[in-house]
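> Below is a structure I'd like to ask you about.
None of the figures in this text is laboratory data; all of them are computed from the coordinates on show. The structure presented is a predicted model; accordingly, all values stated were derived computationally and were not measured. Cβ: placed from backbone, ideal geometry, glycine included. Neighbour counts: every protein chain shown.
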Amino acid sequence: MSFSGKPTTFVELTIENDGFWPNLSLSEFQKEQRLPAEYLVELLADTLKSAMFDVNTDLARVKTKLQAAGVSNLQAAAGLATPAEWAYSHKITLYKRAVYSRAKGNSLPQFATVTRRESAENTGKEAPERAETFLAFSQQAVRALQGRGRITASLQ
């Protein structure tokens, strides 16, 4: 239940991905990211699709490298039997973190448009630094999938 007293309804909706990266679940996104109940399902689905597209674009080279190694579907390659399967499972976890964090970071600034009453203001949902925090979480997961550290330095 949110601060408004409105109960959160978890929506079972699968967002189809590109066949390589895993499909995404709207209910999993809602549960893991503890999204405000005031958001409309359509807004959440649209934000999730947009974040998925952005992360897929950022990870195009990673996808190409994995496909060259013989992985045609990351979900199918993941498992618990071998260390390689564990690594693919971890990549799925990082991928979902990247997408879900980016989607949450992009949706938080929209909260102000959902409710306009001063008494309903909640800076935890609206503050710009909250969105930046989740976008940073997303970028950290993308960089990990790319095999890069949290920061990069180069000599010019």
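> Taking region 44-75, which residues are of a type in the set (A, V, I, L, M, F, W, C) and either buried (at least 16 other Cβ atoms within 10 Å of the Cβ) or within 25 Å of Val11 (Cα to Cα) (or both)?
Leu44, Ala45, Leu48, Ala51, Met52, Phe53, Val55, Leu59, Val62, Leu66, Val71, Leu74 - these are the residues of region 44-75 that are of a type in the set (A, V, I, L, M, F, W, C) and either buried (at least 16 other Cβ atoms within 10 Å of the Cβ) or within 25 Å of Val11 (Cα to Cα) (or both).
> Could you check how many residues of region 13-43 are in a loop (DSSP other than H, G, I, E, B), hydrophobic (A, V, I, L, M, F, W, C) and surrounded by 14 or more Cβ atoms within 10 Å (Cβ to Cβ)?
Looking only at that region, the number is 5.
Quick grid of which residues meet (1) among the hydroxyl-bearing types (Ser, Thr, Tyr); (2) within 11 Å of the chain's Cα centre (by Cα):
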| site | (1), (2) |
| --- | --- |
| Thr14 | yes, no |
| Asn23 | no, no |
| Gln30 | no, yes |
| Ala45 | no, no |
| Phe53 | no, yes |
| Thr64 | yes, no |
